[in-house]
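The values are calculated or read from the model by the stated rules, or taken from the named source; none is laboratory data. Only a predicted model underlies this, so the values are computations on that prediction, with no experimental measurement involved. Here Cβ is always computed from backbone atoms with ideal geometry, including for glycine, and neighbour counts include all displayed protein chains.
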Amino acid sequence: MDRFDRIYALHKLLNAHRYPVPLQKIMDELECSRATAKRVIRDMRLYLDAPIVYDRGQGGYRYAQTGNDRFELPGLWFSAGELHALLAAEQILEHLEPGLLASEIAPLARHIRQLVEHRPGGLRGLSGRVHFQPVGRRTPNPLSFRKVAEALATRHCLSFEYAGRARTERTIRRVSPLRLVYHRENWYLDGWCHLRRALRTFALERMAGVRIEEKRAREVSDERLNRYFDSTYGIFSGTPKHTAVLRFTPARARWVAEEQWHPDQQGTHLPDGGYELRVPYSDPRELIMDILKYGPDVEVVAPPSLRKEVARRLSTALMLYRDRLTN
């Protein structure tokens, strides 16, 4: 441990115990000698005004009682591990959506970086070592994102123009925001649509003219939300109507067996080394995309409608290649 970590560890130790802490326990927790432990106690008293007292009757150190207030370390005070975790989280968010919350996060990020500079490894320990390869990301308008987040926090309705990717016309929506969802590199809003009078999911990049209204948002229970949005497959909501039965070849069985396609999926290892996966779904569009990416390493066993649609798409793709080979 370095000096900062020992101060942080001693603070946590004294706050965690109702009775005075013996010096030997402090030495064990701080992983240091008797002299170093006493030096940490001295530094906290001298530089941080920590009210550490020695209780001769019980043979240990404790914080002196100062009314109802507990002593806290001044400012942002983290252990080295926590600082690096925060720095990693900041880098993750920065790469996840560059500029999305830049103005809000920048002051905190600067403070964290200044603190990390004085720790072993400094910024070099993580700089350039957190790498992202986003695929298929669609970036929402930063202002729209902020307004959606604010409406969620303050529980107010949102109004905006919206056009789904399957439609060209735009409609004016009033929505009670319920939760933000980050799914497959993109942001979505689950909410109660007052126009449709039903739960709906909206892609943030398709929202325009987002405005926070004074009207309070309608509340929907977590149980109802989870039942409607989380029970089906992927981003498409609704109660599951079918169960897909997918049979993977032995070459892909090990990989698929470690994947989670759906919270209620069921998997079985087959005698020939293959793997059978069962997943519930309502709208098959996202499921079909996941099936097609495995090509000849997966067969749709059931239901017949899903098997027929996957076969049709594979046949259409094959025809494209046949035409090019014969020309």
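In segment 46-60, is there at least one residue being without any contact (Cβ under 8 Å) to a residue 60 or more places away in the chain and in contact with a Leu (Cβ under 6 Å, 6 or more places away or on another chain)? Give the derivation first.
Residues of segment 46-60 without any contact (Cβ under 8 Å) to a residue 60 or more places away in the chain: 46-60.
If we keep only those that are in contact with a Leu (Cβ under 6 Å, 6 or more places away or on another chain) too, we end up with none.
No, because not a single residue in segment 46-60 is without any contact (Cβ under 8 Å) to a residue 60 or more places away in the chain and in contact with a Leu (Cβ under 6 Å, 6 or more places away or on another chain).
Per-residue answers, yes or no, for (1) in a strand (DSSP E or B); (2) surrounded by 13 or more Cβ atoms within 10 Å (Cβ to Cβ); (3) at positive phi; (4) at pLDDT below 95:
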{"site": "VAL245", "(1), (2), (3), (4)": "yes, yes, no, no"}
{"site": "TRP261", "(1), (2), (3), (4)": "no, yes, no, yes"}
{"site": "GLU276", "(1), (2), (3), (4)": "yes, yes, no, no"}
{"site": "PRO280", "(1), (2), (3), (4)": "yes, yes, no, yes"}
{"site": "ILE291", "(1), (2), (3), (4)": "no, yes, no, no"}
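Inspect all residues belonging to segment 259-268 and state whether any of them is without any contact (Cβ under 8 Å) to a residue 12 or more places away in the chain and under 30 Å from GLY191 (Cβ atoms). Give the steps one after another, and end with the answer.
At the first step, the residues of segment 259-268 found to be without any contact (Cβ under 8 Å) to a residue 12 or more places away in the chain are 259-260, 267-268.
From what's left, under 30 Å from GLY191 (Cβ atoms): 259-260.
Within segment 259-268, one or more residues are without any contact (Cβ under 8 Å) to a residue 12 or more places away in the chain and under 30 Å from GLY191 (Cβ atoms).
Which residue pairs have Cβ atoms closer than 7 Å, lie 6 or more positions apart in sequence or on different chains, and pair a first residue in segment 195-208 that is modelled with pLDDT under 90 with a second residue that is of a type in the set (Asp, Glu)?
As it stands, the answer is none, since no pair meets every condition given.
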